[in-house]
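Working notes for the structure below.
The values are calculated or read from the model by the stated rules, or taken from the named source; none is laboratory data. Since we're looking at a predicted model, the values are computed, not measured. Positions of Cβ are backbone-derived with ideal geometry, glycine not excepted, and every protein chain shown enters the neighbour counts. Please note that ligands, DNA and RNA were not included when accessible areas were found on the heavy atoms of the full protein model with its side chains. Shrake-Rupley method; radii C 1.70, N 1.55, O 1.52, S 1.80 Å.
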Amino acid sequence: MSAVGQSGEQLPLKIEPNLASIQPTTKTSTIADDESATEALGADFSESSLDVVAAARHGSHDIKADFNVVVSSLEQQTSVKIQEALPIGRIQFDRCRMYGREEHIAKLQGALHRVNKKSQNQSGNHTEFVLIDGLSGSGKTVLATSVQGDVERAPKGAFLQGKFDLAVREEPYSALASAFQDLCGQASDILGKEAFDQFQEETAKNLDPQELGFLHIIIPSLSRIVPVPTTSTETDAHVRNSFKMNDQKKLLHSGFVKFIRLAGATFCPLVIFLDDLQWADVSSVDLLKVLISDEVNTNLMVIGSYRSNEVKEDLLEMIDDLRMRQNGTAGSKRQLLKREESRRLSGLPNQDVGTNLTLTELSLGNLSVECVQDLIMDLLSLEEESITMPLAQLLHRRTLGNPNFLKTFITCLYDDKLLSFNMGKMKWTWDLSAIEKSSSATDNVVDLTRRGIQKNTSEEMHHLLLCVACLGNICGLEHIRMIWMKSSVGGGADRSEALLQELLDKSVEQMFLERIGQSQFRYSHDAVKEAVISLIPKTNFDTLLQKVGGILFEELSEEELEAMLFLVADLLHASDSKDPIKLAKLLLRAAHKAKGVSAYSSASFYAIHGIKQLPQMWEGDENIQLAVRLHSIAAEAERGLGNLPQAKLLCETIIGQSQVSVFDKLQAHKILIDILVHEQNFFISLEYCLEHLGETIGCHFQRGKTGMKVAAFLSIQQMKKRKSILSNEEIDDLPMMTEPTRLFGIELMQTATLSAFYAGEPILMLNVLTRRIQWSLKYGFHPSLGSAYATMAAVFMHVIGDWGRGRRMAEAAVHVGQRASALGRSSHWERDVIVRLLFLVYPWTQPARSIPTQMI
């Protein structure tokens, strides 16, 4: 073995494992070259010992004998201080490499090399996706981060890392948000001022305000790159009402896709590592499918790791789809339909299968006995296999070669002094029979870690570790301090800042926690977190979770609470609160935020638990309002997830309450109508719309054949008047439609138009279309005016034969779509107008060359 001095340099003695020979090196420096090393050994270092070292310095003829005298003298005087001053006799895993992973490392580096080569040659777009699977503790994270140094050494390389957490699995997009939060915070340092300014400019130019708005919800630090888009107060509520569920998802996904395209073109390479995919929420998996399916990405490498024995169905489907793309196969009809639906919802164009994606799958198994043997020899600086093989075989039997289990097991042996460094003999010693006897009852790494925690931690440290376990994957020092100072469950009376810092330092030193930067911490491994939690009864930990959630809820500022909203909601969702109304409002807030970013599973979870907080929900105005909003969001979320029976039940619960006003039931009616259209029950949905337009809104339609024809004739005559077709200036001067009942009526008429078309009711459809236009002229601007104008343009041209008026309506439709987009509204309104005009109007009115470029 090579002894290492305090300064990290190699000592001038080469000590063989059996100490049969000690040879001086040719290096002239010695252990006494630095006076601080002598001081570190303490005043008890005898003068005779110093004399011997001095003799060794000047080339004494019997170095081995003199050295043994030193060791014998120091064993009684300063053996502990020597081990404190020098790393001799300590377990140092950081000196070890990854064993049995040479092939995996080569493939991972090969994927990175391909991305780098593509970016350097600028030879087209390319995405590398590396999937690493294995059991817990198999070294997936270590393998994935092994390329981090190579990435960060590149001039503009960025390595992003995010981790999904079982404890807060309802938080949508948590790992992706964490990864891109870091990117936004570090972008200026990585790129430099000129490149960063260009990145800011390109981001602002290429992303729509609506897309940026959704991205800012998930990635607050995006404001460092591009400001949060603002819309006028007049349109804020209108914007929220205008986004349909699919529109929200399209905007969010397209925003992410565009942002990653820009990041991939700016950072060379861009590597995103997502850990513990088996705990990813449904929304994250959907978004990940979209990101890796985008074939315009450049310089992008995604690494995902997951536990092979805990995979969920949605993740398996994604992996199967990637395998088929890699192999160039289309897949089953079901998979094709799902892929097409995913692209449609994301607003991405269809692309060829497998043209731009390279999938690399790495499966990590347990280490062989030979690999364990190599680790032991390196760790203990031994070279004779015959000495270490019996120990390696025993360790392999006890751990089955699981790397993390093996590391923990060796650490426990060292802590229990079953594996120790003999300072007198200058070598490691162990007792196989004692190790076998003491470890016979050890079942897994959690049990072993738990035993180590019980032995090496105080009550205060254990409580601190429990507090950290409540705060998600990565937690800041300020939040740890807040919980530490306020909580008292299981801990002692001392809550001083000095003790907190001391315990954090010890937790890092004993490898329970890892320090990230100066003020953030995380668990070194999930097994450590599981072991910490398992040391107390589940009911006690649940109590602590609720207590921590309550402290955060009360102590965080409004801005901090918004940033940690999902975590706080996860901590408190099942608590028996003394103020259930307050908790229900918090869960409503979390559900609304989750729905706003199309995380329907999370939105439903928070809303349902909010409902459970209201046992007397239909009594009292405040309870009723809260119950209606919770039921409505839960119904929308279930509708988004495709759980239509559950969505119907929630809506019918609201509609069936006599205490609820007609106005408060509007959203439930709207959701039910959307479900009917989704189920293609167009006759029923048409009747439902007309019924509520008449009874709720006071907007009646003729239903008899003669009455409908007369109404249609009168409507057409009215539309022929010049004032029904507004000029661009008149469209711009229209006030916004903001009255909720009118907005609901317009939405009902939109659905009625579609339902009448598919139900074979063209005359009724015409009547509804003209009424939509009349309402916008009378009650204010609504983006659907554009699609109504576009459809009526086709009617005037193809049915009535009035081509001039039809063309003017088409021009008005285009300007309505442009105003809707300019006001910060969803751009789908403008696209809807363009599609209708391209198919129904322009081919009959002008040559293809003369169609405006932006329309194609």
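Identification of helices (runs of 4 or more DSSP H) wholly contained in the range 668-748 with 3 or more residues that are over 20 Å from residue 782 (Cα atoms) yields 682-692, 705-719.
Inside the range 804-856, can you point out the residues that are among the small types (Gly, Ala, Ser), modelled with pLDDT under 70 and assigned to a helix (DSSP H, G or I)?
Scanning the range 804-856 gives 848, 850.
Condition check: in contact (Cβ under 8 Å) with a residue 40 or more places away in the chain and buried (at least 16 other Cβ atoms within 10 Å of the Cβ). Does residue 362 satisfy that? Spelling it out, residue 362 is indeed in contact (Cβ under 8 Å) with a residue 40 or more places away in the chain and buried (at least 16 other Cβ atoms within 10 Å of the Cβ).
The requirement of being more than 16 Å from residue 610 (Cβ to Cβ) and among the polar types (S, T, N, Q) is not satisfied by residue 575.
Residues that are open to solvent by less than 30 Å² (accessible area, probe 1.4 Å), of a type outside the set (S, T, N, Q), over 25 Å from residue 98 (Cα atoms) and out of contact with any Leu (no Cβ under 6 Å at 6 or more places or on another chain) do not occur anywhere in the range 393-407.
The residues listed here are 671, 716, 731; of these, the one that is β-branched (Val, Ile, Thr), under 26 Å from residue 645 (Cα atoms), in contact (Cβ under 8 Å) with a residue 12 or more places away in the chain and open to solvent by less than 40 Å² (accessible area, probe 1.4 Å) is 671.
Taking the listed residues 289, 312, the one that is out of contact with any Cys (no Cβ under 8 Å at 6 or more places or on another chain), surrounded by fewer than 18 Cβ atoms within 10 Å (Cβ to Cβ) and basic (Lys, Arg) is 312, with no other qualifying. So residue 621 clears everything in (1) farther than 22 Å from residue 785 by Cα; (2) modelled with pLDDT of 85 or more except one condition, right? Which one? Condition (2) is where residue 621 drops out.
Could you pull out the residue among 774, 818 that is open to solvent by 30 Å² or more (accessible area, probe 1.4 Å) and touching a Gly at 6+ places or on another chain (Cβ under 9 Å)? If you could, list the steps in order and put the result at the bottom.
Details: 774 fails: touching a Gly at 6+ places or on another chain (Cβ under 9 Å).
Step by step, each of 774, 818 is checked, and only 818 is open to solvent by 30 Å² or more (accessible area, probe 1.4 Å) and touching a Gly at 6+ places or on another chain (Cβ under 9 Å).
Suppose the filter is under 27 Å from residue 295 (Cβ atoms) and not polar (S, T, N, Q); does residue 144 pass it? Spelling it out, residue 144 is indeed under 27 Å from residue 295 (Cβ atoms) and not polar (S, T, N, Q).
Within the range 519-551, work out how many residues are within 25 Å of residue 586 (Cβ to Cβ) and of a type in the set (Ser, Thr, Tyr). So the answer is 2.
On the basis of being modelled with pLDDT under 80, under 22 Å from the mean Cα position of the chain (by Cα) and not charged (D, E, K, R), does residue 329 make the cut? No: the conditions fail for residue 329.
Here 214, 199 are screened, and the one residue that is modelled with pLDDT under 90 and surrounded by 18 or more Cβ atoms within 10 Å (Cβ to Cβ) is 214. Among the residues of the range 399-406, is there at least one that is over 19 Å from residue 134 (Cα atoms) and touching a residue at least 24 places away in the same chain (Cβ under 8 Å)? Within the range 399-406, not a single residue is over 19 Å from residue 134 (Cα atoms) and touching a residue at least 24 places away in the same chain (Cβ under 8 Å). If you check residue 625 against the conditions, is it touching a residue at least 24 places away in the same chain (Cβ under 8 Å), open to solvent by 50 Å² or more (accessible area, probe 1.4 Å) and polar (S, T, N, Q)? In short, yes. Taken over the range 655-667, the residue count meeting the criterion of being outside any helix (DSSP H, G or I) and crowded, with 17+ Cβ neighbours inside 10 Å is 2.
Rundown of residues vs (1) touching a residue at least 24 places away in the same chain (Cβ under 8 Å); (2) surrounded by 14 or more Cβ atoms within 10 Å (Cβ to Cβ), yes/no style:
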{"residue": "519", "(1), (2)": "yes, no"}
{"residue": "531", "(1), (2)": "yes, yes"}
{"residue": "539", "(1), (2)": "no, no"}
{"residue": "545", "(1), (2)": "yes, yes"}
{"residue": "558", "(1), (2)": "no, no"}
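Just for the range 598-622: of the residues that are hydrophobic (A, V, I, L, M, F, W, C) and open to solvent by less than 10 Å² (accessible area, probe 1.4 Å), which one is nearest to residue 659 (Cα to Cα)? Top of the filtered list is 614. When the helices (runs of 4 or more DSSP H) confined to the range 541-604 are screened for residues that are under 22 Å from residue 649 (Cβ atoms), those reaching at least 1 such residues are found at 580-596.
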